[in-house]
Every structure is written in C-alpha cells, then in structure tokens.
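Read the structure below first, then the notes.
The values are calculated or read from the model by the stated rules, or taken from the named source; none is laboratory data. None of the values given here were measured: they were computed from a predicted structure. Neighbour counts are summed over all protein chains in view; Cβ atoms, including those assigned to glycine, are modelled from backbone coordinates with ideal geometry. Please note that ligands, DNA and RNA were not included when accessible areas were found on the heavy atoms of the full protein model with its side chains. Shrake-Rupley method; radii C 1.70, N 1.55, O 1.52, S 1.80 Å.
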Amino acid sequence: MRNISDLIEQHLKVLLLNSQEGAVEIQRNDLAQQFSCVPSQINYVISTRFSLEKGYVVESKRGGGGYIRIQRIELPAQHAIHAHVCDTIGDCISQETGEGIIYQLEEAEIISQREASLLRAAVSRDNLMLKLPYRDELRAKLLRAMLVALLGKS
C-alpha cells in the first residue's frame with residue numbers, strides 16, 4: 001500500500017500533467033483537507049519531491065489568499081542534454097543533487113528505471129567511502145562518465 005506522501009505526489013503530478021500551462025497552483029490547507037493530513041505533510045512532499053534538482057520550480061505566496069505554485073522545468077532538447085548534464089554536475093556534486101539529476105532524467109524517460117537504479121547505487125555515499133570533498137569529486141566524475149556513456153547511445 002502506498003503512503004500518504006506517495007499519494008499526494010501522484011495527485012500533484014497528475015494535476016501538472018493535465019495543466020495546459022505546465023504549472024499548478026494549490027492551496028496547502030485545501031490539499032491537506034482533501035488528503036486528511038496536516039498541512040506540514042504537504043510542505044514535506046513539495047520540498048522533498050518537487051525540488052529544483054528534480055526539475056520543478058516551486059513558489060509560494062503566504063497569507064489569506066496564499067498559494068503554492070509548482071511548475072515543471074522541461075529538459076533541453078535531446079541533443080543539448082549532454083551539455084546540460086555536464087554543466088550541472090561540475091567538478092563536485094552532492095548525493096542529493098546527483099540523485100536529483102538522475103530523477104529528472106528518469107522522469108523525462110531519457111534513462112530507464114533500471115539505469116537510474118544503477119546510477120543511484122554508484123553515487124551513493126554508502127558505496128563511496130571517502131571523506132569530503134573527495135567523495136563529492138569522485139561522485140561527479142563517476143556520474144558524468146556514466147551519463148556520457150548512457151546518453152551517447154541515443
């Protein structure tokens with residue numbers, strides 16, 4: 001059975017998919033009431049599953065008529081993805097940012113679920129048993145090399 005966070009995420013993704021503008025505005029309290037949860041649960045889902053690293057821009061306006069606006073950022077055209085990935089990775093990258101890039105490529109169906117799982121395992125701090133900053137530098141080199149190899153097949 002899926003947990004409440006998964007259900008909220010899926011609901012928001014369906015709203016985004018059905019939106020003609022590629023964005024959706026929600027009211028946190030209304031969504032919390034719809035899912036019978038506390039408003040902080042909505043904040044948690046948005047902050048962990050709709051981050052910039054995962055391909056979303058989130059803006060919020062507080063107050064009585066406040067809202068949360070979520071917009072999907074489209075990846076560049078296929079021929080520009082390689083440059084986009086290399087620019088984003090840089091010389092060092094945190095696990096969170098690396099996983100965000102992997103997530104974005106998987107969501108755009110540029111890499112398969114299996115490829116994404118392999119990439120996540122390779123960049124995990126559990127498998128890169130080095131001290132910082134060496135771990136983030138090695139993660140960047142590994143992730144860049146693996147993505148260049150994967151994206152080169154297209």
Complete set of residues in region 37-51 that are of a type in the set (Gly, Ala, Ser) and in contact (Cβ under 8 Å) with a residue 24 or more places away in the chain: 51
Residue list for region 113-136, filter: within 16 Å of residue 91 (Cα to Cα), in a helix (DSSP H, G or I) and open to solvent by 80 Å² or more (accessible area, probe 1.4 Å): 134
